[in-house]
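The values are calculated or read from the model by the stated rules, or taken from the named source; none is laboratory data. Since this is a predicted model, take the numbers as computed values, not measurements. In this analysis, Cβ positions are derived from the backbone assuming ideal geometry, glycine residues included, and neighbour counts consider all displayed protein chains. Ligands, DNA and RNA are stripped out before the accessible areas are found, and what is left, the full protein with its side chains, is counted by its heavy atoms. Shrake-Rupley method; radii C 1.70, N 1.55, O 1.52, S 1.80 Å.
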Amino acid sequence: MKSYPAGQEPEWLAGAPPIPGPGLEVTTPPVMAGGAWPSLEAIAAEVAGCRKCPLCEGRTNAVPGEGNPRAALMVVGEGPGEQEDLSGRPFVGRAGELLDKILAAIDLPRPEVYIANVVKCRPPRNRAPLPDERAACMPYLHRQIALVRPRVLLALGATAAEALLGVRQTLGSLRLKVHTLDAIPLVVTYHPAALLRNPNWKRPAWDDVRIARQLVDAES
Ligand code: URA
């Protein structure tokens, strides 16, 4: 664990919870490894023309993901909303503004992290992606994770957590544990859109992201 000189601890660390114990240990299913794409750019090009599930019919733009290809932290959301579909960029709507603030508060501003979603095309009326849509899209995400190989993964909301961990469990039961995906520590927290709906979850979410942030330090 990184130790900061006395008096130079970052603000986010004050009162942060200790790193919790281990949770699920998951390895990427070989069939999902999607090893074919040599780069993040190759994935983005494939996603742009992807027709593997019906979500392609309704898209304005596919949203492959973006950020630092050598990010220490990779953030995974559910899928594009309206603003993301229009712009082709992840988390640019209201939830994205909140995510930007959260990332800045842990001294990992947005350009330093990598941001991707479980599905790369907007589901109609922002519904959760269906199991078949998720399954069709997960090879892209798995390959993005393998290429970025972040020190820590942060899953935003139940869809991201379930898709990455391959389980169907409540968000509450998946929080406050350090899971691993292919040996990469993975922390689960609330989706920023849920925080906008229910501000009572902001405090626990702040604890979760500070756990993830400590893990970034721990893994460095
Ligand atoms: N919600 C998500 O899960 N992803 C986005 O990119 C935007 C909103």
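A few notes on this one:
- Among residues of region 136-154, those that are open to solvent by less than 40 Å² (accessible area, probe 1.4 Å) and under 24 Å from Cys50 (Cα atoms), counted: 10
- Evaluation of Leu40 against the conditions (1) of a type outside the set (Asp, Glu); (2) closer than 19 Å to Met138 by Cα; (3) within 13 Å of the ligand (Cβ to nearest atom) shows that the sole unmet condition is (3).
- Residue in region 158-174 that is farthest from Leu196 (Cα to Cα), counting only those that are within 12 Å of the ligand (Cβ to nearest atom) and open to solvent by 10 Å² or more (accessible area, probe 1.4 Å): Ala163
- Some residue of region 57-71 being away from the ligand (no atom under 16 Å from the Cβ), touching a residue at least 24 places away in the same chain (Cβ under 8 Å), out of contact with any His (no Cβ under 6 Å at 6 or more places or on another chain) and in a helix (DSSP H, G or I): no
- Restricting Gly79, Gly88, Gly96 to residues that are over 27 Å from Trp12 (Cβ atoms) and near the ligand (Cβ under 10 Å from one of its atoms) narrows the list to Gly79.
- Any hit, region 108-130, residues being closer than 16 Å to Gly77 by Cα, at pLDDT below 95 and open to solvent by 10 Å² or more (accessible area, probe 1.4 Å): yes
- Restricting attention to region 147-196, the residues that are in contact (Cβ under 8 Å) with a residue 60 or more places away in the chain and part of a loop (DSSP other than H, G, I, E, B) add up to 8.
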